[in-house]
Amino acid sequence: MSSLSRSPWVLHYDASSCNGCDIEVLACLTPMYDAERLGVVNTGNPKHADIFVITGSVNEQNKDVIKNLYNQMPDPKVIVAVGICAATGGIFKDCYNVMGGVDQILPVDVYVPGCAARPEAIMEGIVKAAEILEEKYRHMKEDK
């Protein structure tokens, strides 16, 4: 994360999950895992976020909210799908209103597997997302 001028800021959105992955995302912020030691900052404002972390499957009611949050984020941005529901729809994929994973509506950069995904895996996914963000930032500077 050397070429970034600041720490990556993360926006977390629960897209209709069972809350298992949400609890694990929040566990990453506790002193036991302490994601902030890696320079990661959690934000509630998409206009400040670099990394969009989504848990849960996409359905008809939340797809527009997810797209709206994504469109408010400045470029470059990275999408992280946390858990099997965000990746494929998980156990809810056969439900009438579930469209599937996040990649049905957004370009996902990092998939974090698990049901529920472990905090260590989530943190590894965020570090990978920060590396991808750094690469996108570098390409964006070269294109100017």
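The values are calculated or read from the model by the stated rules, or taken from the named source; none is laboratory data. Given the structure is predicted, the values throughout are model-derived calculations rather than measurements. For neighbour counting, all protein chains shown are included, and Cβ atoms are generated from backbone atoms with ideal geometry for every residue, glycine included. Just so you know, the surface numbers come from the protein's heavy atoms only, side chains and all, with ligands and any DNA or RNA stripped out. Shrake-Rupley method; radii C 1.70, N 1.55, O 1.52, S 1.80 Å.
Output the number of residues of segment 109-122 satisfying the condition of being open to solvent by less than 30 Å² (accessible area, probe 1.4 Å) and over 19 Å from Asn19 (Cβ atoms).
Total meeting the criteria: 1.
Matching residues to (1) at pLDDT below 90; (2) over 19 Å from Val112 (Cα atoms); (3) in contact with a helix residue (DSSP H, G or I) (Cβ under 9 Å, 6 or more places away or on another chain):
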{"site": "Glu24", "(1), (2), (3)": "no, no, yes"}
{"site": "Cys28", "(1), (2), (3)": "yes, no, yes"}
{"site": "Asn45", "(1), (2), (3)": "no, yes, yes"}
{"site": "Asn62", "(1), (2), (3)": "no, yes, no"}
{"site": "Lys77", "(1), (2), (3)": "no, no, yes"}
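For segment 81-108, how many residues meet the condition of being within 18 Å of Cys18 (Cβ to Cβ), β-branched (Val, Ile, Thr) and within 12 Å of the chain's Cα centre (by Cα)?
Of the residues in segment 81-108, 2 are within 18 Å of Cys18 (Cβ to Cβ), β-branched (Val, Ile, Thr) and within 12 Å of the chain's Cα centre (by Cα).
Since Ala129 meets every condition but one in (1) at pLDDT 90 or above; (2) closer than 16 Å to Gly20 by Cβ; (3) open to solvent by less than 10 Å² (accessible area, probe 1.4 Å); (4) of a type outside the set (Val, Ile, Thr), which condition does it not meet?
That leaves (2) as the condition not met.
Quick one: in segment 64-82, which of the residues that are open to solvent by 10 Å² or more (accessible area, probe 1.4 Å) and in contact (Cβ under 8 Å) with a residue 40 or more places away in the chain is nearest to Tyr137 (Cα to Cα)?
Pro76
Between a first residue in segment 83-99 that is assigned to a loop (DSSP other than H, G, I, E, B) and a second residue that is among the acidic types (Asp, Glu), which pairs have beta carbons less than 6 Å apart while being 6 or more apart in sequence or on different chains?
Sorted first by the residue in segment 83-99, then by its partner, the pairs are Asn97/Glu60.
Of all residues in segment 32-63 being among the aliphatic types (A, V, I, L, M), crowded, with 22+ Cβ neighbours inside 10 Å and in contact (Cβ under 8 Å) with a residue 60 or more places away in the chain, which is farthest from Pro107 (Cα to Cα)?
The selected residue is Val40.
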